[in-house]
Structure formats: C-alpha cells, structure tokens
Amino acid sequence: MRLSRVRIRNFRNFRDLVIDPFPTPAVIVGENGVGKSNLLHALRLVLDPDLSKRWRRLQTDDIHDGAPALHQGVEVRVEVDLADFDEDDDAIATLDGAVITEDGQPRVARLTYLFHPKTGVGAGAATQPNRLLTADDYSWTIYGGDDVSVDMRHAKDYVPLSVLPALRDAEGDFARADRSPLVRLLRERPPAADIVASTLDALKQARNQLTKDAAMQQAVEELSGRLTAMTGPQLPLTPSLDFAGREDDLIRSVQLLIDPRSSRGIQHTSTGTANVVYLALLLERLKLRRQASDGEDTLLAVEEPEAHLHPSLQRKVFAHLLHEPNRLLLTTHSPHIAAVAPLSSIVLTSSEGDHTVGSVVPPDLLSAADTADLERYLNVTRAEILFARGSVFVEGTADAYLLPALAEAAGFPLDDYGIIVSSVEGTDFAPYATLLGPAALQRPHWILTDGDAADGEHRHQKEPGLWRARDLARIAQEEALHQELDQGIGAITVQKLPERGSRLGRPHVVSAATRLGVYVGNHTLETDIASLLHPEMTAAYSAFRQREASRSAFREALVPFEDGTATGQQRTTLVDKIEAIGKGRYAQRLAAHVTRTTDLRDRVLELLGRTRGPINRADLLSIEGPGTILGLLDDLSCTVRNRPLFPPAPADTGAWTSSADRNS
C-alpha cells in the first residue's frame, strides 16, 4: 500500500495544497518556513494512532491565515488517498467504505480528517452575530470516501504513520526498553521457546548463587533495619533480592554491540552512527510487521535525517534506502540526500504569496534518458537547484565563474539572495527547463546562452541561440511567445551576417526572449564581455603569460572590442588566445579581477554614451555585447531585490521600470 495523493486545506501553511501523485518513497525539500514539518503533522492527523485526541483538536495557530478564523466557523480538511492494496485482503476489509474508485478499477481509498463546528453550532452562530466560536465548539472525525458518516478512525491502526522527529534522542531511546527499536524488533522475531526455557533455567541457578553472597545478604539486612527504624510496625516491610526472570526480561536486557570484539555498546558510538543504526532497526521491524499475517502497513516519516551525518555517509545511506521498495518519507535540507533521490521521489515545497504549494515531477514527463541525465547532474553537480530561490543555467564553467563575479561587482552578491548559477556543460537546456518548468517543479529559473550567430546554409545554423530560446518557450507553455520568436527569427535569418554588429531586427527578438527568462548573447561570452571588461581581461591574461610580446598581442586583440569595430576574424583571434589557456581556467582568474571592479556603473554609462542618468533594462539590452548579461542581472535584481541592478544615483532624474512594466 502507498500514499497516492494528499490534499490539505486551511491548515497552517496550507490554504489548499494538493500533491498528486504523491511519490513513494518521498523526499520533501524546500526552504525554511515553507511547512515541511507541518505537512508531516497534517498526515499524522489522519494516520498516526499515537497522536493524542488533544492534538487533533486544533487551535487558533493551526488555522491558515487566509482562511476564516476559528471563531468564524472554519473547516480544516486533510485528505489522504491510498492505493496498491488490491491483493491485500486485510486492507480491503479495513478500508471497506472508503474506496472512491469504480468497480473493476484499481482500488483507491480516501481517508479524510475533518475539523469543523459541531452540528448546529455554525448555524446558530450565523443567527447570533455576537456569538464567536471557540475551540470547544468544534469536533473532529476521520471518515472514508466522500461520506462523512463513514467512520474511519480505526484505519489509522492498520495504516499507521510513524514520525521520527528531527531532534530525536536515538541514544536515549536505546537506553529505554519501552522505546528501544532493538527491543521492538526482537519482539517481532523472538527466540525459540526451548532456547528461552534453557536460558531462564540457567539464569535462575545463577540468581540463586548470587543471592547467597555475603555482601548482598548484608545489604538486604541493613536495608531492612533502616526501613524498620523509619516506619516501625505501621509499614511492615521484608525486603529481599531477586532478578528478572521472564521471557520479556531477556529481550529487554539484550544490548546491541557495535565493534568486532563485542565490547562497545551503542551508547559509546557517535550520535550520527546511533541514528543510522536506529533507522535501520526501525525499517527492519516495519518490514517484519508488513510480512506478518496480522501486521499493519506502517509508513515511516523521518525529519531531517541528515542530522549528525557526514555528507558522504548521507549519500551512501540514502542512496540505498531511496532506491529500494519502502514507504519512507523524508523532510530534508540536505542537498546530499536530494542529490541521490530519484527525481520521481522529490516533493518540492515553496511559498506562493501567503501559502505553500507542492510540486512533483509527473510520471512520463521526461524520457528515461533525460531522467537519468538529470539525476546524474543533481548527484554530481548541483542538487542546490532544488533549494535555491532561483537558478540561472549557463553553458559552461566560464559563465558560471563570471556571472556571479559581475553581480558582486555591481553590489548584488547572488548567494545573499539564494540564487545559484549552474552550468549544464553544453547548450541542451531543455531537460533542466522542463524539470523546473510549469509542468513539474515550477521554480524560478533563467537561462543565459551564447548567440553563436553565424552564416550557415540552413536558417537554423544562423542564429542557434535564438532557436534555443524559441524551443524553450514551448517548454514554458508560452505558445504565443513561441510563435512570435519563430516569426522574428525567420525574418532576420534571411539576412547575411554583417561583418560588424548583428542582423537588423535581432535586438527586438532578443528582447522578446527575455520575457521568457532566456537571455541570448551575440556571439560567445568572451567576445561579448570584452568591451566592458577589457582592463580585467588584460590583467587576467597577464597572469598566465610572462612574455611581454604575448601580453602586448593580447592587448592589441582587445582594441577592436573597445571601440566596437571587431570583425568575425578578430573575435576568433581573441577566443583562440583564451582557449590556449583554457576558458574555464582563464575565467576563474578573470572573475577574481572582476569582483574588484569599482566603476562598473561608470563603464556601463560610457558604453551607453552618457555620463549620468538612470539605467533601465532596455538601456542595458541595447548595449552590443555585454548587454544581454547585464540585462539578465537586472532582471534577477528586480525579481529578488525589487530594484534595478543600477539604482538611480542621487543626481539622476527619471525613473526605472518595474518587472511588470518590462514584461507588459
């Protein structure tokens, strides 16, 4: 059996959260404060048999801020759909009355926790304006299917949810027999009866021998004397010693030793190791309970399982657990766990206004090859895209070094605002845009790609960067923009690429693509930024070339970019010199120089042919070469800081346009 769908209405962070399908296993990720723990608590309202009735009676703080208040008659609902139990007769019998599918279809049962005003209370309050409801005017129930009269409170005993909290005390639980996962596991798999009998008999003989010890007898006699002196004949006590001798006492006394010499108990290991052993014992017990003829089908939820675990151990442990059949739910802030999670297991929670939404990757949205590539990408490079406030995808490491450096030089450090820059090592952005796009995880993202403008025989070879933008518009479900870009690119690719500059009408098409969050450069990164960063580029090159002749040749190669007269051959010459060092290595050194740039605004004004005044995104996009990168940074700044990359200086006049204005 598995969870197949969850819906939460008016509870804490959730105005109306729907996660459909709900994956198994599930890895719930998201920023702090979006309600990952609240999601687990909502599931407990339906499925946790150990949650007291007191906690199922909600209070004011449990009601979503956008819902009617408690005193106004709010209803809170948590719906849980269960599937894959057609071969389980016990489940079919237990969930009879909760099934919502038609005969002949695979069974799906729905259990709903409902917290609402007691019958008649809500109606009475409506006729009494001064009558405000309190928590005592509410009742709760768990019902099946779509009929509130079908009582399903007993179902939580068969499909229980067990939650392991983030601040758990694994070592403390091992020390308590009533909480020890080892004791619970051994009770599911007790020793053979004859072994128990012979062991108890041996213990009885040992106990008899031990109680005859003179020191122990003296201790009992002295205790008896003290009690007599303290209580007199009013409380006659005759103390004696014995030792536990029941079968259950044997199990309770078993200790788990964790070293080859069997000398160190779990209390002598690290907190992280204790947590791993704790989790392994729980999973083993749950496996046995599911296999038992009268066993329950427990779901195990673990909050922040990365606590106290080294990153490499996080990856190893959860790569194993998340790729085997189980009913495990995890909430985590760890990119190491997210990196090894199957894409189908990810539940991404995020804030949208005053409420939280949840997103999953629908089955069959991505091809098997794209899924494998993305899982490898998250595993090896950037699982952080699942946690970031925004992601910028770029073609290579050079872009990944230089974009954050330019932002920092403009006083806009991307890390401070939760934006990451991630290289896809190529130009195939489609799988990444699909993963974060409207059909899947629905996360803010931008794409920076080279224009690679050329003169090819086929029109698709002339402006490959713009064609990529057109294809991405369809992934973003922006059909009108897709058509606009298709027509615009078609109109400009009939032109021959000029020796200098770009095709007539190209800036308009580039600007249209930015409405999608796709920023297309002119040619390649190194030549596009040369007019803006030629001093830093010279300094970076000099760090790798000691001969003055080489340095002088590089400075000469930059001159056409400074005055905007560079030809195709001159672009090739500049790129060849950088490639001789290595684009990534050169960009790494260049980024260090760029972050120390203090006059970036003045340089932009110089490229605009001005000495002062406001700088808006249209201005930036109009700059041949670096304008696309600067326009992207302006878009990011307006999105996360609500102000442009270069705010108006005190002496400037005029105003800048908002994101809404720019996209209208």
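None of the figures in this text is laboratory data; all of them are computed from the coordinates on show. Predicted model only: the values in this text are computed from it and were never measured. Don't worry about glycine lacking a Cβ; one is built from the backbone with ideal geometry, like all the others, and counts go over all protein chains shown.
Here are a few things to note about the model shown:
- Segment 346-470: C-alpha gyration tensor shape, a/c 1.5 cut-off, then a/b vs b/c: oblate
- Sequence-distant aspartates and glutamates (8 or more away, or on other chains) whose Cα lies within less than 20 Å of residue 316: 284, 303, 304, 306, 324, 373, 375, 384
- Sequence ranges 435-445, 514-524, ranked by mean other-Cβ count within 10 angstrom, highest first: 514-524, 435-445
- Helix axis angle, 583-594 relative to the chain longest principal axis, alpha carbon, degrees: 90 degrees
- Loop exposure criterion: GluC sites (Glu not before Pro), DSSP state outside H, G, I, E and B, at most 11 other Cβ atoms within 10 Å. Applied to the chain, the longest stretch between such sites is 103-456.
- Extreme residue, positive dipole direction of the chain, given options 393, 638, 348 (C-beta unit charges): 638
- Partners for residue 204 among lysines (Cα-Cα distance below 16 Å; same-chain residues under 8 apart left out): 212
- For segment 534-593: relative contact order, % (alpha-carbon pairs under 8 angstrom, 6 or more apart): 46 percent
- Across segment 447-454, rounded Karplus estimates of 3J(HN,Hα) from the backbone phi angles (6.51 cos²θ - 1.76 cosθ + 1.60, θ = phi - 60°) give 10, 10, 9, 5, x, 6, 4, 8 Hz, Gly and Pro being marked x.
- Degrees, to the nearest 10: 193-211 long Cα axis against longest axis of the chain: 70 degrees
- Note on 397, 449: ascending count of other Cβ atoms within 10 Å places them as 397, 449, the fewest first.
- Across segment 625-630, coupling constants 3J(HN,Hα) worked out from phi with the 6.51/-1.76/1.60 Karplus curve, θ = phi - 60°, read x, x, x, 5, 5, 5 Hz, and Gly and Pro carry x.
- Folded to 0 to 90 degrees: helix 368-377 orientation relative to the chain principal axis, Cα: 90 degrees
- Positive dipole terminus of the chain, leading residue within 621, 437, 403 (C-beta point charges): 403
- Mean residue ellipticity (222 nm) of the chain, computed from DSSP H runs ≥ 4 via -39,500 (n - 2.57), nearest 500: -12500 deg cm²/dmol
- Net dipole in debye of the chain [+1 Lys, Arg Cβ; -1 Asp, Glu Cβ; about Cα centre; nearest 20]: 1340 debye
- The three principal axes of the Cα atoms in segment 534-593 give end-to-end lengths of 27, 23, 19 Å, sorted in falling order.
- When the alpha carbon gyration tensor of the chain is reduced to an equivalent ellipsoid, the three semi-axes, largest first, read 63, 33, 24 Å.
- Set of lysines near residue 53 by C-alpha distance (under 30 Å), chain-local residues within fewer than 8 positions excluded: 36, 118, 156, 287
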